[in-house]
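Below: one structure, written as structure tokens.
Values quoted throughout were computed directly from the atomic coordinates according to the rules given, and no laboratory measurement underlies them. Given the structure is predicted, the values throughout are model-derived calculations rather than measurements. Cβ coordinates were reconstructed from backbone atoms using ideal geometry, including for glycine residues, and neighbour counts include every protein chain displayed.
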Amino acid sequence: MTHPKPSLTRTLVFALTSALTAGNCLAADELPPALQASVSSLGQLNGQALACKQMALSTRLRDILIHDAPKERAVGEAFEQATQEAYLAQGQAGKACPDSKSLAGRVDAVAVELRRAVGQAH
């Protein structure tokens, strides 16, 4: 019996989640509110980008999270949960995908929010 190859997206999300959850840190409900909100927003955008097959934006979102967010379990869990919820919601709602330009603008805004929240948290 052969096993199907895991998708690149699933592999990348697993690797990111594993890297972010490796530490022994705060639970998701213990993140400062501004950090929780910005990480959740990143995850929501990531889920939407994945559902809309905008892989370059998904990669950019993960890069923002990896480079700018604290390396804490709670951050990875919040991002993963928001990603899954948004991915499912986009598929179930059957609504049209936003164009890449408007989605990229939202990514830029959330990246600024994340950097501001990280500065406040430390």
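State whether the stretch 29-122 is rounded, prolate or oblate according to the following rule on the C-alpha gyration tensor (a ≥ b ≥ c being the square roots of its eigenvalues): a/c under 1.5 gives rounded; otherwise a/b larger than b/c gives prolate, and the remaining case gives oblate. Walk me through the numbers on the way to the answer.
Working: a/c = 2.17, a/b = 1.59, b/c = 1.36.
Prolate shape, in that a/c is at least 1.5 and a/b is the bigger ratio.
Each other residue within a Cβ distance under 15 Å of residue 116 adds +1 if Lys or Arg and -1 if Asp or Glu, for a net charge of -2.
Packing, as the average of other Cβ atoms within 10 Å across residues, places the peptides 62-74, 91-103 in the order 62-74, 91-103, highest first.
Computed 3J(HN,Hα) for the stretch 30-46, one whole-Hz value per residue from the Karplus formula 6.51 cos²θ - 1.76 cosθ + 1.60 where θ = phi - 60°, is 9, 5, x, x, 5, 5, 4, 5, 6, 5, 5, 5, 4, x, 4, 5, 5, glycine and proline marked x.
Charge tally around residue 48: other residues with Cβ under 11 Å, Lys/Arg +1 each, Asp/Glu -1 each, net +2.
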